[in-house]
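Novice: Here you go, one structure.
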Amino acid sequence: MKILKYIGIAVLIIAALFAAAYFIKSNSKSPITYESESPFITSIEEKSVATGKVIPEDEVAIKPQISGIISEIAVEEGEKLEAGDLIAKIKVVPNEQTLNTARGRLSNARISLNNAEIEYNRNKVLFEKGVISSQEFNNIELTYDQAKQELANAQSDLQIIRQGSAGGSTSANTNVKATISGTVLEIPVKIGDQVIQSNNFNDGTTIASVADLSKMIFEGMVDEAEVGKLKADSPLKISFGAIPDKEFEGKLKFVAPKWNEEEETTSGVVQFKIEADVFMEEGYFIRAGYSANASLVLEKKDSVLAIKEALLQFDRETEQPYVEVEVGDQEFERRDVETGISDGINVEIVSGLTESDKVKVWNKTEPVKRETASD
(Lines give C-alpha, C1' and ligand atoms only; values in the text may rest on other atoms or scores of the structure.)
Protein backbone atom coordinates (compact mmCIF):
# COMPACT_ATOMS: atom_id res chain seq x y z
CA MET A 1 0.00 0.00 0.00
CA LYS A 2 2.84 2.37 0.83
CA ILE A 3 4.32 1.70 -2.61
CA LEU A 4 1.07 2.61 -4.34
CA LYS A 5 0.85 5.73 -2.19
CA TYR A 6 4.34 6.84 -3.22
CA ILE A 7 3.61 6.04 -6.86
CA GLY A 8 0.47 8.21 -6.71
CA ILE A 9 2.38 11.07 -5.16
CA ALA A 10 5.06 10.80 -7.84
CA VAL A 11 2.41 10.85 -10.59
CA LEU A 12 0.82 13.97 -9.10
CA ILE A 13 4.20 15.71 -8.90
CA ILE A 14 5.01 14.84 -12.52
CA ALA A 15 1.59 16.03 -13.68
CA ALA A 16 2.06 19.30 -11.80
CA LEU A 17 5.45 19.80 -13.43
CA PHE A 18 4.00 19.16 -16.92
CA ALA A 19 1.15 21.57 -16.23
CA ALA A 20 3.54 24.26 -15.04
CA ALA A 21 5.74 23.79 -18.10
CA TYR A 22 2.70 24.00 -20.38
CA PHE A 23 1.50 27.26 -18.88
CA ILE A 24 4.98 28.77 -18.96
CA LYS A 25 5.32 27.82 -22.61
CA SER A 26 1.88 29.16 -23.54
CA ASN A 27 2.45 32.43 -21.68
CA SER A 28 5.80 32.95 -23.38
CA LYS A 29 4.06 33.35 -26.75
CA SER A 30 3.46 36.91 -27.98
CA PRO A 31 -0.10 38.02 -27.24
CA ILE A 32 -0.34 39.66 -30.69
CA THR A 33 0.59 38.89 -34.27
CA TYR A 34 1.53 41.36 -37.01
CA GLU A 35 0.29 41.44 -40.59
CA SER A 36 2.63 42.20 -43.48
CA GLU A 37 2.32 43.78 -46.92
CA SER A 38 4.52 43.68 -50.01
CA PRO A 39 5.72 46.68 -52.04
CA PHE A 40 3.94 47.25 -55.36
CA ILE A 41 4.35 49.11 -58.65
CA THR A 42 2.12 52.15 -59.16
CA SER A 43 1.96 55.76 -60.37
CA ILE A 44 2.22 58.58 -57.84
CA GLU A 45 1.25 62.22 -58.12
CA GLU A 46 2.52 64.69 -55.54
CA LYS A 47 -0.12 67.38 -55.17
CA SER A 48 -0.54 70.65 -53.33
CA VAL A 49 -3.78 72.29 -52.32
CA ALA A 50 -3.93 76.09 -52.42
CA THR A 51 -6.73 77.86 -50.58
CA GLY A 52 -8.13 81.13 -51.82
CA LYS A 53 -11.11 82.64 -53.56
CA VAL A 54 -12.47 83.25 -57.03
CA ILE A 55 -12.70 86.81 -58.34
CA PRO A 56 -13.63 88.40 -61.68
CA GLU A 57 -10.76 88.81 -64.10
CA ASP A 58 -11.86 92.37 -64.87
CA GLU A 59 -13.70 94.42 -62.26
CA VAL A 60 -14.31 98.10 -62.96
CA ALA A 61 -15.16 100.79 -60.42
CA ILE A 62 -17.53 103.31 -62.01
CA LYS A 63 -16.81 106.85 -60.78
CA PRO A 64 -18.54 110.18 -61.56
CA GLN A 65 -17.09 112.84 -63.83
CA ILE A 66 -18.41 115.61 -61.59
CA SER A 67 -19.05 116.18 -57.89
CA GLY A 68 -22.61 116.40 -56.58
CA ILE A 69 -25.42 114.49 -54.89
CA ILE A 70 -26.95 111.19 -56.07
CA SER A 71 -30.47 112.01 -57.28
CA GLU A 72 -31.34 108.67 -58.91
CA ILE A 73 -30.01 105.09 -59.01
CA ALA A 74 -31.22 103.23 -62.07
CA VAL A 75 -29.86 99.69 -61.40
CA GLU A 76 -29.71 97.08 -58.64
CA GLU A 77 -26.94 94.77 -57.47
CA GLY A 78 -26.87 91.58 -59.53
CA GLU A 79 -28.37 93.25 -62.60
CA LYS A 80 -26.68 92.73 -65.97
CA LEU A 81 -25.67 95.79 -67.96
CA GLU A 82 -24.39 96.68 -71.38
CA ALA A 83 -21.73 99.31 -71.92
CA GLY A 84 -23.43 102.72 -72.00
CA ASP A 85 -26.40 101.77 -69.80
CA LEU A 86 -27.42 104.38 -67.22
CA ILE A 87 -26.38 103.60 -63.64
CA ALA A 88 -27.15 106.79 -61.72
CA LYS A 89 -27.83 110.50 -62.02
CA ILE A 90 -26.05 113.26 -60.13
CA LYS A 91 -27.50 116.61 -59.10
CA VAL A 92 -24.84 119.30 -59.22
CA VAL A 93 -24.47 121.35 -56.03
CA PRO A 94 -22.03 124.18 -56.74
CA ASN A 95 -19.47 125.21 -54.20
CA GLU A 96 -20.37 128.71 -53.06
CA GLN A 97 -16.82 130.01 -53.17
CA THR A 98 -16.17 128.53 -56.60
CA LEU A 99 -19.49 129.89 -57.86
CA ASN A 100 -18.69 133.38 -56.56
CA THR A 101 -15.28 133.31 -58.22
CA ALA A 102 -16.83 132.28 -61.54
CA ARG A 103 -19.38 135.11 -61.34
CA GLY A 104 -16.61 137.59 -60.64
CA ARG A 105 -14.61 136.33 -63.60
CA LEU A 106 -17.65 136.71 -65.86
CA SER A 107 -18.21 140.31 -64.71
CA ASN A 108 -14.57 141.18 -65.33
CA ALA A 109 -14.77 139.63 -68.78
CA ARG A 110 -17.79 141.77 -69.67
CA ILE A 111 -16.04 144.95 -68.51
CA SER A 112 -12.93 144.07 -70.49
CA LEU A 113 -15.01 143.33 -73.56
CA ASN A 114 -16.85 146.63 -73.35
CA ASN A 115 -13.59 148.55 -73.14
CA ALA A 116 -12.07 146.52 -75.98
CA GLU A 117 -15.16 147.10 -78.15
CA ILE A 118 -15.06 150.89 -77.61
CA GLU A 119 -11.36 150.93 -78.45
CA TYR A 120 -11.94 148.76 -81.49
CA ASN A 121 -14.76 150.94 -82.91
CA ARG A 122 -12.80 154.15 -82.37
CA ASN A 123 -9.65 152.86 -84.06
CA LYS A 124 -11.60 151.30 -86.89
CA VAL A 125 -12.72 154.77 -87.98
CA LEU A 126 -9.17 156.05 -87.74
CA PHE A 127 -7.88 153.12 -89.75
CA GLU A 128 -10.45 153.71 -92.50
CA LYS A 129 -9.29 157.36 -92.70
CA GLY A 130 -5.67 156.26 -92.89
CA VAL A 131 -4.70 157.85 -89.60
CA ILE A 132 -3.27 154.64 -88.07
CA SER A 133 -1.32 151.85 -89.65
CA SER A 134 -2.65 148.42 -90.51
CA GLN A 135 -0.39 146.72 -87.92
CA GLU A 136 -1.62 148.96 -85.12
CA PHE A 137 -5.26 148.29 -86.02
CA ASN A 138 -4.62 144.53 -86.19
CA ASN A 139 -3.26 144.56 -82.62
CA ILE A 140 -6.37 146.38 -81.40
CA GLU A 141 -8.62 143.93 -83.27
CA LEU A 142 -6.74 141.00 -81.66
CA THR A 143 -7.32 142.44 -78.20
CA TYR A 144 -11.03 142.79 -78.99
CA ASP A 145 -11.29 139.17 -80.21
CA GLN A 146 -9.47 137.92 -77.12
CA ALA A 147 -11.91 139.83 -74.89
CA LYS A 148 -14.85 138.16 -76.64
CA GLN A 149 -13.24 134.73 -76.18
CA GLU A 150 -12.56 135.38 -72.50
CA LEU A 151 -16.23 136.27 -71.99
CA ALA A 152 -17.33 133.06 -73.70
CA ASN A 153 -14.95 131.02 -71.50
CA ALA A 154 -16.21 132.69 -68.33
CA GLN A 155 -19.81 131.99 -69.32
CA SER A 156 -18.97 128.32 -70.00
CA ASP A 157 -17.17 127.90 -66.69
CA LEU A 158 -20.09 129.37 -64.79
CA GLN A 159 -22.51 127.03 -66.58
CA ILE A 160 -20.31 124.01 -65.81
CA ILE A 161 -20.24 124.91 -62.13
CA ARG A 162 -24.02 125.42 -62.04
CA GLN A 163 -25.21 122.56 -64.26
CA GLY A 164 -22.29 120.22 -64.75
CA SER A 165 -21.87 120.86 -68.46
CA ALA A 166 -21.16 123.74 -70.81
CA GLY A 167 -23.44 122.40 -73.55
CA GLY A 168 -27.18 122.51 -73.90
CA SER A 169 -27.52 119.06 -72.27
CA THR A 170 -25.98 118.12 -68.92
CA SER A 171 -26.24 114.34 -69.50
CA ALA A 172 -22.58 114.01 -70.42
CA ASN A 173 -21.44 114.59 -66.86
CA THR A 174 -24.45 114.18 -64.58
CA ASN A 175 -25.49 110.79 -66.01
CA VAL A 176 -23.19 108.03 -64.75
CA LYS A 177 -23.05 105.19 -67.30
CA ALA A 178 -21.49 101.72 -67.45
CA THR A 179 -18.13 101.66 -69.19
CA ILE A 180 -18.17 97.85 -69.73
CA SER A 181 -20.74 95.11 -70.12
CA GLY A 182 -21.20 92.88 -67.08
CA THR A 183 -22.97 92.33 -63.78
CA VAL A 184 -23.39 94.95 -61.06
CA LEU A 185 -21.47 93.54 -58.09
CA GLU A 186 -21.95 96.37 -55.64
CA ILE A 187 -23.57 99.78 -55.29
CA PRO A 188 -21.89 101.36 -52.25
CA VAL A 189 -23.92 104.62 -52.43
CA LYS A 190 -27.58 105.56 -52.03
CA ILE A 191 -29.81 108.43 -53.12
CA GLY A 192 -28.83 111.61 -51.32
CA ASP A 193 -25.17 110.67 -50.85
CA GLN A 194 -22.62 113.27 -51.82
CA VAL A 195 -20.00 112.11 -54.33
CA ILE A 196 -16.83 113.63 -55.67
CA GLN A 197 -15.07 113.21 -58.98
CA SER A 198 -11.69 111.60 -59.41
CA ASN A 199 -8.76 114.01 -59.52
CA ASN A 200 -5.05 114.23 -58.75
CA PHE A 201 -5.70 114.38 -55.02
CA ASN A 202 -8.60 111.96 -54.63
CA ASP A 203 -9.62 108.62 -56.17
CA GLY A 204 -13.22 109.76 -56.34
CA THR A 205 -16.39 108.09 -55.10
CA THR A 206 -17.25 104.67 -56.50
CA ILE A 207 -20.85 104.65 -57.74
CA ALA A 208 -20.89 100.95 -58.71
CA SER A 209 -18.59 97.98 -59.32
CA VAL A 210 -19.22 96.10 -62.57
CA ALA A 211 -17.56 92.87 -63.72
CA ASP A 212 -17.95 90.15 -66.34
CA LEU A 213 -18.71 87.01 -64.27
CA SER A 214 -18.13 84.74 -67.26
CA LYS A 215 -14.38 85.36 -66.90
CA MET A 216 -13.21 84.37 -63.44
CA ILE A 217 -9.79 83.69 -61.92
CA PHE A 218 -8.68 81.79 -58.84
CA GLU A 219 -6.46 83.71 -56.43
CA GLY A 220 -4.71 81.78 -53.67
CA MET A 221 -1.54 81.25 -51.66
CA VAL A 222 1.17 78.55 -51.90
CA ASP A 223 3.91 77.80 -49.35
CA GLU A 224 7.52 78.49 -50.28
CA ALA A 225 8.37 74.75 -50.08
CA GLU A 226 6.10 74.10 -53.06
CA VAL A 227 6.23 77.28 -55.12
CA GLY A 228 9.49 76.27 -56.82
CA LYS A 229 7.78 73.25 -58.38
CA LEU A 230 5.00 75.26 -60.02
CA LYS A 231 5.05 75.98 -63.73
CA ALA A 232 2.97 78.42 -65.75
CA ASP A 233 0.17 76.89 -67.86
CA SER A 234 0.02 73.83 -65.58
CA PRO A 235 -3.50 72.33 -65.28
CA LEU A 236 -5.29 72.28 -61.96
CA LYS A 237 -8.63 71.37 -60.42
CA ILE A 238 -10.70 73.99 -58.63
CA SER A 239 -13.51 73.24 -56.20
CA PHE A 240 -15.90 75.61 -54.42
CA GLY A 241 -17.42 75.22 -51.00
CA ALA A 242 -20.71 76.52 -52.38
CA ILE A 243 -20.80 73.89 -55.17
CA PRO A 244 -20.08 70.48 -53.59
CA ASP A 245 -19.13 67.39 -55.63
CA LYS A 246 -18.05 69.47 -58.61
CA GLU A 247 -14.56 70.34 -59.87
CA PHE A 248 -13.76 72.92 -62.52
CA GLU A 249 -10.76 72.81 -64.80
CA GLY A 250 -8.23 75.60 -64.55
CA LYS A 251 -4.83 76.70 -65.79
CA LEU A 252 -2.09 78.35 -63.75
CA LYS A 253 -1.16 81.70 -65.27
CA PHE A 254 0.77 83.61 -62.60
CA VAL A 255 3.12 82.89 -59.70
CA ALA A 256 4.17 85.93 -57.70
CA PRO A 257 7.91 86.71 -57.83
CA LYS A 258 7.74 88.18 -54.31
CA TRP A 259 6.49 86.64 -51.06
CA ASN A 260 3.33 87.95 -49.46
CA GLU A 261 4.49 89.84 -46.38
CA GLU A 262 1.01 90.20 -44.89
CA GLU A 263 0.30 86.48 -45.05
CA GLU A 264 3.69 85.59 -43.57
CA THR A 265 3.15 87.94 -40.66
CA THR A 266 -0.18 86.39 -39.66
CA SER A 267 0.55 82.72 -40.33
CA GLY A 268 4.30 82.48 -39.73
CA VAL A 269 4.80 80.76 -43.10
CA VAL A 270 6.30 82.40 -46.18
CA GLN A 271 3.68 82.25 -48.93
CA PHE A 272 3.40 83.37 -52.54
CA LYS A 273 0.29 84.43 -54.44
CA ILE A 274 -0.83 82.47 -57.49
CA GLU A 275 -3.53 83.15 -60.07
CA ALA A 276 -5.24 80.70 -62.40
CA ASP A 277 -7.88 80.93 -65.11
CA VAL A 278 -11.12 79.10 -64.25
CA PHE A 279 -12.84 77.39 -67.17
CA MET A 280 -16.53 78.03 -66.62
CA GLU A 281 -19.22 75.51 -67.52
CA GLU A 282 -22.79 76.12 -68.62
CA GLY A 283 -25.40 75.67 -65.94
CA TYR A 284 -23.21 76.95 -63.11
CA PHE A 285 -23.25 80.48 -61.73
CA ILE A 286 -20.09 81.45 -59.87
CA ARG A 287 -20.37 84.42 -57.55
CA ALA A 288 -17.44 86.75 -57.00
CA GLY A 289 -15.70 85.97 -53.72
CA TYR A 290 -16.57 82.26 -53.46
CA SER A 291 -14.01 80.45 -51.28
CA ALA A 292 -12.15 77.87 -53.34
CA ASN A 293 -9.42 75.23 -53.23
CA ALA A 294 -7.08 74.54 -56.13
CA SER A 295 -5.38 71.15 -56.47
CA LEU A 296 -2.06 71.41 -58.30
CA VAL A 297 0.16 68.53 -59.49
CA LEU A 298 3.71 69.30 -58.35
CA GLU A 299 5.34 66.11 -59.61
CA LYS A 300 4.25 62.81 -61.18
CA LYS A 301 6.05 59.49 -61.59
CA ASP A 302 4.79 56.38 -63.37
CA SER A 303 5.61 52.72 -62.60
CA VAL A 304 7.57 53.22 -59.40
CA LEU A 305 8.04 50.87 -56.44
CA ALA A 306 5.90 52.04 -53.55
CA ILE A 307 4.42 51.09 -50.18
CA LYS A 308 1.67 52.59 -48.11
CA GLU A 309 3.02 55.61 -46.29
CA ALA A 310 1.54 54.30 -43.04
CA LEU A 311 4.12 51.48 -43.05
CA LEU A 312 7.01 53.91 -42.62
CA GLN A 313 8.62 54.49 -39.24
CA PHE A 314 11.16 57.14 -38.32
CA ASP A 315 14.20 57.03 -36.10
CA ARG A 316 13.66 59.33 -33.12
CA GLU A 317 17.19 60.74 -33.24
CA THR A 318 18.05 60.91 -36.93
CA GLU A 319 14.54 61.02 -38.48
CA GLN A 320 15.77 58.31 -40.87
CA PRO A 321 12.80 56.49 -42.43
CA TYR A 322 12.80 52.71 -42.04
CA VAL A 323 10.53 49.69 -42.20
CA GLU A 324 10.54 46.30 -40.51
CA VAL A 325 10.94 43.41 -42.96
CA GLU A 326 9.78 39.88 -42.15
CA VAL A 327 12.69 37.39 -41.90
CA GLY A 328 10.82 34.52 -40.22
CA ASP A 329 7.53 33.58 -38.60
CA GLN A 330 6.58 36.82 -36.81
CA GLU A 331 10.25 37.81 -36.83
CA PHE A 332 11.18 41.22 -38.26
CA GLU A 333 14.33 43.24 -38.74
CA ARG A 334 14.81 46.96 -39.29
CA ARG A 335 15.76 48.12 -42.78
CA ASP A 336 16.49 51.74 -43.68
CA VAL A 337 14.87 52.98 -46.90
CA GLU A 338 15.20 55.98 -49.21
CA THR A 339 11.88 57.54 -50.14
CA GLY A 340 10.77 59.69 -53.08
CA ILE A 341 7.52 61.51 -53.79
CA SER A 342 4.30 60.85 -51.91
CA ASP A 343 0.63 61.48 -52.53
CA GLY A 344 -0.28 61.20 -48.87
CA ILE A 345 -1.33 57.55 -49.19
CA ASN A 346 1.48 55.85 -51.10
CA VAL A 347 5.17 56.75 -51.01
CA GLU A 348 7.87 55.96 -53.56
CA ILE A 349 10.68 53.64 -52.41
CA VAL A 350 13.92 54.61 -54.13
CA SER A 351 16.07 51.97 -52.40
CA GLY A 352 15.96 49.50 -49.52
CA LEU A 353 13.12 47.19 -50.62
CA THR A 354 12.12 44.81 -53.40
CA GLU A 355 8.72 43.56 -54.51
CA SER A 356 9.32 40.23 -52.80
CA ASP A 357 9.85 41.73 -49.34
CA LYS A 358 7.13 41.62 -46.72
CA VAL A 359 6.84 44.76 -44.65
CA LYS A 360 5.45 44.73 -41.13
CA VAL A 361 2.18 46.57 -40.62
CA TRP A 362 3.35 47.96 -37.31
CA ASN A 363 0.23 49.92 -36.48
CA LYS A 364 -2.24 47.09 -37.11
CA THR A 365 -2.25 43.92 -35.00
CA GLU A 366 -4.42 40.89 -34.29
CA PRO A 367 -4.64 39.04 -30.94
CA VAL A 368 -3.31 35.49 -30.83
CA LYS A 369 -6.03 32.94 -30.09
CA ARG A 370 -5.15 31.31 -26.77
CA GLU A 371 -5.52 27.58 -26.31
CA THR A 372 -8.04 26.37 -23.74
CA ALA A 373 -8.34 23.16 -21.83
CA SER A 374 -11.07 22.00 -24.21
CA ASP A 375 -8.64 22.39 -27.12
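The values are calculated or read from the model by the stated rules, or taken from the named source; none is laboratory data. The structure displayed is predicted, hence computed values, not measured ones. Neighbour counts run over all protein chains shown; Cβ positions are idealised from the backbone, glycine included. For the accessible areas, the whole protein counts, side chains as well, though only heavy atoms, and no ligand, DNA or RNA atoms are used. Shrake-Rupley method; radii C 1.70, N 1.55, O 1.52, S 1.80 Å.
Novice: Take segment 221-230 and flag every residue that is open to solvent by less than 50 Å² (accessible area, probe 1.4 Å) and free of Cβ contacts under 8 Å to residues at least 60 places away in the same chain.
Specialist: Passing the criteria: only Val227.
Novice: Residues Ala152, Ala147: which one is touching a helix residue (DSSP H, G or I) at 6+ places or on another chain (Cβ under 7 Å), at pLDDT 85 or above and of a type in the set (A, V, I, L, M)?
Specialist: Ala147
Novice: Are there any pairs, at least 6 apart or on different chains, whose C-beta atoms fall under 6 Å, with the first in segment 176-204 and among the small types (Gly, Ala, Ser) and the second in a loop (DSSP other than H, G, I, E, B) and open to solvent by less than 20 Å² (accessible area, probe 1.4 Å), and if so, which?
Specialist: What qualifies is Ser198/Gly204.
Novice: If we only count strands (runs of 3 or more DSSP E) wholly inside segment 231-329, which ones have 2 or more residues that are open to solvent by 50 Å² or more (accessible area, probe 1.4 Å) and among the charged types (D, E, K, R)?
Specialist: 243-255, 291-308
Novice: Report, by residue number, each residue of segment 168-195 that is modelled with pLDDT under 90 and either surrounded by 15 or more Cβ atoms within 10 Å (Cβ to Cβ) or under 20 Å from Gly84 (Cβ atoms) (or both).
Specialist: Answer for segment 168-195, where residues must be modelled with pLDDT under 90 and either surrounded by 15 or more Cβ atoms within 10 Å (Cβ to Cβ) or under 20 Å from Gly84 (Cβ atoms) (or both): Ser169, Thr170, Ser171, Ala172, Asn173, Thr174, Asn175.
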